[in-house]
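The values are calculated or read from the model by the stated rules, or taken from the named source; none is laboratory data. On a predicted model such as this, the values are computed, not experimentally measured, just so you know. Cβ placement follows ideal geometry from the backbone for every residue including glycine, while neighbour counts extend to all protein chains displayed. These area figures cover heavy atoms from the full protein model, side chains too; ligands, DNA and RNA do not enter into them. Shrake-Rupley method; radii C 1.70, N 1.55, O 1.52, S 1.80 Å.
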Amino acid sequence: MISQDKKTGARTAALVVFALLCCAAVEARATPRQTPQPAKGAAAAGGADHCHQPPAAAEAPPKGNAAAAKPSIPDVAVTDQNGRKSRFYTDLVKGKLVIINFVFTSCTNVCPMQGANFAKLQAALGDRLGRDISLISVSTDPLVDTPERLKAWGARFGAKPGWTLVTGERDEMDKLLRSLTGGEARRGEHSPVALLGDFERGAWVRAYGLSEPERYLQLFANLNATPAAQPPAGRN
């Protein structure tokens, strides 16, 4: 026979376990599920990794008049991979169809993928490269990315005339990158983003920077049907 004390103790222990399980269930329901966040790679400590994720708005084609969405591009001084100095808006963007991406030469992750992506696009464009559509790679690390480094980096992917890689003074590049990406010049994590379109007439789109060439060409075709906005002048 089991004593009354032992029966009471067993019942008490069972009730305690039951109560703990109930509390745990309630807490689990009350605590919102946390979405895992990507680790802050070496960039947080000054490294050269990117976050290989599509941007939040991977493709945001303009609807109707695109003037409200169009960035105001500063006409900053830049230097290309051949040492030629120019104005970014006046000489590289104004009146042209362009696709712009953002890279730095010491990156070993996403930037080479973006370089290979542009190489495929320039092959798909053929003799249209530089005539109908120009490619521009903007350095996000101007303190390191000299014209010589950009030229060597572009050569890895067979960059041809019509694909321009640019760097410049830090404060000038900060202005440019703030207008195009919302950030400033630095090495580190960012999603692969491309900006396509005719910025002068206000027809442009933000796209995933590792899209296939066919997708980019389709986006350009769609932009041709976009009503033109009032073109603002580039600003200093």
- request: Can you work out which of the residues in the range 201-210 that are open to solvent by 10 Å² or more (accessible area, probe 1.4 Å) and in contact with a Leu (Cβ under 8 Å, 6 or more places away or on another chain) is farthest from Pro112 (Cα to Cα)?
  value: Trp204
- request: Quick one: count up the residues across the range 71-88 that are open to solvent by 10 Å² or more (accessible area, probe 1.4 Å) and within 20 Å of the chain's Cα centre (by Cα).
  value: 2
task: Only residues in the range 136-156 that are of a type in the set (Val, Ile, Thr) count as the first member; pair them with residues that are open to solvent by 20 Å² or more (accessible area, probe 1.4 Å) and assigned to a helix (DSSP H, G or I), Cβ under 8 angstrom, at least 6 apart or cross-chain, and list the lot.
output: Ile136/Leu92
task: Quickly run through the range 176-235 and pick out the residues that are over 24 Å from Thr90 (Cα atoms), in contact with an Asp or Glu (Cβ under 9 Å, 6 or more places away or on another chain) and modelled with pLDDT of 85 or more.
output: Tyr208, Ser211, Arg215
